[in-house]
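Below: one structure in structure tokens.
The values are calculated or read from the model by the stated rules, or taken from the named source; none is laboratory data. Values in this document were obtained by computation on a predicted structure and should not be read as measured data. Cβ atoms come from the backbone with ideal geometry, glycine included; neighbour counts cover every protein chain shown. The accessibility values were calculated without ligands, DNA or RNA, using every heavy atom of the protein model including side chains. Shrake-Rupley method; radii C 1.70, N 1.55, O 1.52, S 1.80 Å.
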Amino acid sequence: AELSGLLFIGDAILQINGINVRKCRHEEVVQVLRNAGEEVTLTVSFLKRAPAFLKLPLNEDCACAPSDQSSGTSSPLCDSGLHLNYHPNNTDTLSCSSWPASPGLRWEKRWCDLRLIPLLHSRFSQYLPGSDLCRQNAFQVIAVDGVCSGIIQCLSAEDCIDWLQAIASNISNLTKHNIKKINRNFPVNQQIVYMGWTEEREQDSLQDRMYTPKFLALRGSSLYKFIAPPVTTWDWTRAEKTFSVYEIMCKILKDSDLLDRRKHCFNVQSESGEDLYFSVELESDLTLWEKAFQTATFLEVERIQCKTYACVLESHLMGLTIDFSMGFVCFDAATKAVLWRYKFSQLKGSSDDGKSKIKFLFQNQDTKQIEAKELEFSNLFAVLHCIHSFFAAKVACLDPLYVGSQATASALPTTSGTGKLKYTT
């Protein structure tokens, strides 16, 4: 086994010829080895802490210690950065009286715990997995295949943030480059705007795990929620959930709106009224997601131009069209006759019952009087969110600097907890 070059100081024997010896005492393992026959298959795993227990003082006459080792402190055999390898062409021999000399053996300095973690689609976190407890000056990086860096402890909070920002910057650049490559295979109306890792807060507070990693992607008309990043075209059809970007509402949460000790969170309300709560690591990540939602909404509204919803007015089936150019148009579903139409600028307010009814308050251009129009919808939140999306796109169209700008966000209609639209001028 020593001559194979495959075993290192610190390797723990887990199995012998398939026999599990993890819970066996030393004497029992020795006995299993003695009875294993001439050919033995060992299953081993490197334990980082094992070499520390094996360190021994060097003999004064030891002449084999490498030059980069401080003499009199520890044996090179037991240094966690040294491995015993067999090389037939080596002429060096061990001369330590504490260890048997063997021709063809030499000490080599190697990294014991080297882990290569590709940053594309990787995620990182300062939080204890699944919780809102933030590690002090520490973080870990998890690759897309699950390989983890382990806990990386920094000397200060500033060093930790510097590392996180550097890693986040690299991941962001790799993601942008990857998006460009993927978009070559998609038509214009199905282009990816942004994608990346978040952590979703579980709605069931009784569970031990509060947060679960989710991969979100804004592509074309939809927001996709995945368990793992989509790699193939087929993966895009297997999303955990899909939402229409113009029928959802994204809200960046203030400190007073946070549900726990996690910072940098945003809320997505679906067309069914379901609230999805997501957390990201850095404030810069939060800014990227906010800009991405604004951009995706603007591009999709600009593409579809109008959206029609079935509604009921005084027991009659009607249709309400939200048109990017014309505004609001209500018509009879059977005859297609237009009952009323208003521009976006004429909408001065609205209210709803949180279930199905919306009351619009429009200002008549001629009389300047407020005219109330009440309609009943089967999908209240989808309509409210769509109206908000069209308003946001209208503002962005008038002011190109709006996309990605927080300065004009307060001029847009926003939803309250009941789904109501509030307007400010």
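Quick one: length gained pulling residue 325 to residue 365 fully straight, 0.36 nm per residue minus the C-alpha distance?
12.7 nm
So, taking all protein chains as they sit and a 1.4 Å probe, how much accessible area belongs to residue 8, in Å² rounded to tens?
Roll a 1.4 Å probe over it and residue 8 shows about 60 Å².
Suppose all protein chains stay in the model; what accessible area per residue would a 1.4 Å probe give for the range 2-46, in Å²?
Numbers: 3400 Å² over 45 residues.
Heavy-atom SASA per residue in the range 2-46 reads 76 Å².
Using only the Cα atoms of the range 322-370, what are the Rg and Dmax in Å?
Computed over the Cα atoms of the range 322-370, radius of gyration and Dmax are 12.1, 33 Å.
For the range 306-401, what is the number of Lys pairs with C-alpha distance below 13 angstrom, counting only pairs 8 or more positions apart or on separate chains?
Numbers: 343/394; 348/359; 348/368; 348/373; 357/373; 359/373.
The number of close lysine pairs in the range 306-401 is 6.
Further question on the same structure: Report the one residue of 188, 296, 229 whose Cα lies farthest in the direction of the positive end of the charge dipole of the range 187-304 (charges on C-beta: Lys and Arg +1, Asp and Glu -1; origin at the Cα centre).
188
Further question: Which three extents, in whole angstrom, do the alpha-carbon atoms of the range 2-46 cover along their principal axes, largest first?
24, 23, 17
With the crude spin-label approximation of a point 7 Å out along Cα→Cβ, what separation in nm comes out for residue 26 versus residue 261?
Placing both labels 7 Å along Cα→Cβ, they lie 4.1 nm apart.
For residue 15 and residue 372, compute 0.36 nm times the residue count separating them, minus their Cα-Cα distance, and round to one decimal in nm. The partial results should precede the final answer.
Values: separation 357, 0.36 × 357 = 128.52 nm, distance 7.80 nm.
Stretched out fully, the residue 15 to residue 372 stretch lengthens by 120.7 nm.
Can you give me the long-range amide H partners of residue 258? Hydrogens built in the peptide plane at 1.01 Å from N, cutoff under 5 Å, separation of 5 or more residues or another chain.
Counting only residues 5 or more places away or on other chains, the set is empty.
In addition: Could you tell me the extents of the range 306-401's C-alpha atoms along the three principal axes, largest first, rounded to whole Å?
Its Cα atoms span 43, 31, 26 Å along the three principal axes.
To continue, here is another question. Enumerate the calculated ³J(HN,Hα) couplings along the range 319-336 in order (Karplus 6.51 cos²θ - 1.76 cosθ + 1.60, θ = phi - 60°), each rounded to whole Hz, writing x wherever the residue is Gly or Pro.
Listing the rounded values in order: x, 10, 9, 9, 10, 4, 8, 9, x, 9, 9, 10, 9, 6, 5, 7, 9, 6 Hz.
Which Rg and Dmax, in Å, describe the Cα atoms of the range 131-170?
10.6, 29
I'd like the carbon and sulfur percentage of the solvent accessible area for the range 2-46, probe radius 1.4 Å, heavy atoms only, ligands and nucleic acids excluded. Can you show the working numbers first?
Details: 1720 of 3400 Å².
In the range 2-46, the share of accessible area belonging to carbon and sulfur is 51 percent.
Using the Karplus curve 6.51 cos²θ - 1.76 cosθ + 1.60 with θ = phi - 60°, what ³J(HN,Hα) values do you get for each residue of the range 16-33, in whole Hz, with x for Gly and Pro?
10, 6, x, 8, 6, 10, 4, 9, 7, 6, 3, 4, 5, 5, 4, 5, 5, 5
What are the ³J(HN,Hα) couplings of the range 150-167, residue after residue, when phi is run through the Karplus curve with 6.51, -1.76, 1.60 and θ = phi - 60°? Round to Hz, x for glycine and proline.
Once rounded to whole Hz, the list reads x, 6, 9, 9, 9, 6, 8, 5, 5, 4, 5, 5, 4, 4, 4, 5, 5, 5.
Could you order peptides 209-218, 144-153, 234-243 by the average number of other Cβ atoms within 10 Å of their residues, highest first?
Numbers: 209-218: 18.8, 144-153: 12.1, 234-243: 14.3.
Final packing ranking: 209-218, 234-243, 144-153.
Across every pair of different alpha-carbon atoms, what Kirkwood hydrodynamic radius in Å does the range 176-249 reach? Kindly include the intermediate steps, with their values, before the conclusion.
Numbers: mean 1/r = 0.0750 Å⁻¹.
Roughly 13.3 Å, rounded to one decimal.
Continuing with the same structure: Pop out the Kirkwood hydrodynamic radius of the range 187-304 from its pairwise C-alpha distances, inverse of mean 1/r, in Å to one decimal.
On the way: mean 1/r = 0.0677 Å⁻¹.
Taking every pair of different Cα atoms in the range 187-304, averaging 1/r and inverting gives 14.8 Å.
Starting from the 7 Å offset along Cα-to-Cβ, what nm value, one decimal, do you get for the label separation of residue 33 and residue 204?
Output for this residue pair reads 4.8 nm.
Working out 0.36 nm times the residue gap between residue 117 and residue 314, then minus their Cα-Cα distance, what length gain in nm do you get to one decimal? Walk me through the numbers before you get to the answer.
Numbers: separation 197, 0.36 × 197 = 70.92 nm, distance 6.23 nm.
Between residue 117 and residue 314, full extension yields an extra 64.7 nm.
Give me the one-decimal nm value for the distance between modelled label points at residue 241 and residue 128, 7 Å along each residue's Cα-to-Cβ direction.
Simple spin-label model gives 2.7 nm for this pair.
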